[in-house]
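The next block holds one structure in the form of structure tokens; read it before the comments.
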Amino acid sequence: MQPKGKKIPVAVLGATGMVGQKFIELLQEHPWFEIVALAASERSEGQRYGQAVQWRMATPLLPSIAEMKLQSCTPHIAGDIAFSALDSSVAGEIESTFAKGGFIVISNSRNHRMHSDVPLLIPEVNPEHLELVHAQKYGSGMIITNPNCVVCGLVMALHPLAQRWGIDTVQVTTMQAVSGAGYPGVASFDIIDNVIPYIASEEEKVESEPLKILGSFQKTYIEPYQMVISAQCNRVPVMDGHMGCVSVKLKEKASPADIIDAWTTFQGLPQTLKLPSAPSFPLLYMDGLNHPQPKLHRLSEKGMSVSIGRLRPCPVLDWKFTLLSHNTIRGAAGCAILNAELITIMKPS
Ligand SMILES: NC(=O)c1ccc[n+]([C@@H]2O[C@H](COP(=O)([O-])OP(=O)(O)OC[C@H]3O[C@@H](n4cnc5c(N)ncnc54)[C@H](OP(=O)(O)O)[C@@H]3O)[C@@H](O)[C@H]2O)c1
């Protein structure tokens, strides 16, 4: 399925940062969307993008994008959709201004995620939450968010378990890549040969966002999913790819074969609609005893699949396993682009 006519014009806000660069890498050749504006802070405004950015992506920057002038983050810029990769210190106000200006704002920042009228969307998990935008007061504009980078992979792995057996308790310890801290992020002096057992506000997000995403849509609000999550988050010296060591207590008894079946057969609306950024298999189960690993598996299905391994009994809760997802693709720009593809097809009327 694809929209008829010309490509949809899109702007990238926070275009110079880690997530902004990933947006540009993924959008440069997108079949439905065309980048028509790039914006960042006053520090970068007026410069050519290629001159202002410290390009850190593996794909070369297209000369046509490198030549674009960076603009200020005000809604006079061109575009129908604004992908926001803005620093959270400024994202809240700028995103509201863009929505009031008629843009469909697709945000990676935390600012609007937990607002009652804002969908916190993973297209494979809770596409029905998109209807929340009817409660927003932005006229033709709207704000849609995707979750925190580590939450996205975690919730995708939990969702089929919640559907089949229900979840009572989750305990997760994360090992999160340095690109999750933006650019230049954590100083090399602090992260090489080290693990930092603290990421500001991260544990609070991991313990709250999944309850909204897995919650049930009640026309004007989301009834949060009833479970308890305990999270411990660590920064580790890996470039890309967040891992989680997860233990779960289910509400009903399950066998390991059934759990693996629930993961490997899982398909969502993006797969049915064959959206351009949808992975064929959102969840991959790996049999290797020492899998998944960031270096080997973070780019599975172009970074859009979550890799899971090491399912085994947990003597404290019921089951434990390890998961991996690419933080700037599945956990940020890739998920946001998939959200935009879903909205293009299923625009709330
Ligand atoms: N990194 C990840 O894995 C990840 C994953 C999920 C969500 N997120 C969220 O996504 C957002 C971006 O993260 P990031 O890692 O890409 O951060 P980053 O590398 O620090 O980039 C921040 C961007 O915000 C812009 N900015 C800063 N102050 C501004 C202002 N006053 N006005 C306009 N633009 C301003 C910067 O522009 P200049 O270059 O001009 O300063 C830059 O483009 C954050 O909210 C973050 O929490 C990140």
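Any read-out appearing in this document is the output of simple, stated calculations on the displayed coordinates, not a laboratory observation. What you see is a predicted model, and the numbers here were worked out from it, not measured in a lab. FYI the Cβ positions are ideal-geometry reconstructions off the backbone, even for glycines, and counts take in every protein chain you see.
In the structure shown, the pairs Lys137/Lys347; Lys4/Lys100; Lys6/Lys212; Lys100/Lys347; Lys249/Lys274 are assessed against 24 Å; a Cα-Cα span above that value is assigned to Lys4/Lys100; Lys6/Lys212; Lys249/Lys274. For Phe33, the residues whose amide H sits under 5 Å from its own are Ile8, ignoring neighbours fewer than 5 places away on the same chain, with H placed 1.01 Å from N. Rounded to 0.05, the FRET efficiency of the Ser255 and Ala78 pair, given R0 = 51 Å and the Cβ-Cβ distance, is 0.40. Note: region 1-156, Cα convex hull, 128 Å³ per residue. Considering only trypsin sites (Lys or Arg not before Pro) in DSSP loops that have at most 12 other Cβ atoms within 10 Å, the longest stretch of the chain without any of them is 44-136. Evaluated with a Cβ-only charge set (Lys, Arg +1; Asp, Glu -1), the chain carries a dipole of roughly 380 debye about its Cα centre, given to the nearest 20.
Counting every alpha-carbon pair across the chain, the share separated by more than 39 Å comes to 10%. Using just its DSSP H runs of length 4 or more, each adding -39500 (n - 2.57), the chain gives a mean residue ellipticity at 222 nm of -7500 deg cm²/dmol after division by all residues. P(r) for region 155-198, from all Cα pairs and a bin width of 5 Å, is 5, 15, 21, 14, 10, 12, 12, 8, 3, 0 %, short bins first.
The three principal axes of the C-alpha atoms in region 152-289 carry coordinate ranges of 46, 34, 30 Å, sorted with the longest axis first.
Note on region 274-345: with charges restricted to the Cβ of Lys and Arg (+1) and Asp and Glu (-1), its dipole about the Cα centre is near 180 debye. The long axis of helix 334-346 is offset from the longest Cα principal axis of the chain by roughly 80 degrees. In this rough spin-label picture, where each label sits 7 Å from Cα along the Cβ direction, the Asp190-Leu62 distance is 3.7 nm.
Say R0 is 45 Å: what FRET efficiency, to the nearest 0.05, do Leu289 and Ile345 get from their beta-carbon distance? Between Leu289 and Ile345 the formula returns 0.65. Qualifying GluC sites (Glu not before Pro) in region 62-170, where qualification requires a DSSP coil assignment and no more than 16 other C-beta atoms within 10 Å, comprise Glu67. Think of the chain as having a plus end and a minus end, set by charges on the Cβ of Lys, Arg, Asp and Glu; of Leu121, Ala91, Val151, Leu121 sits farthest toward the positive end of this dipole. The residues packed around Cys245, meaning those with a beta-carbon under 13 Å from its beta-carbon, carry a net charge of +3 if Lys and Arg are +1 and Asp and Glu are -1.
Taking the Cα centre of region 7-66 as origin and assigning +1 to Lys and Arg Cβ atoms and -1 to Asp and Glu Cβ atoms, the resulting dipole is close to 100 debye.
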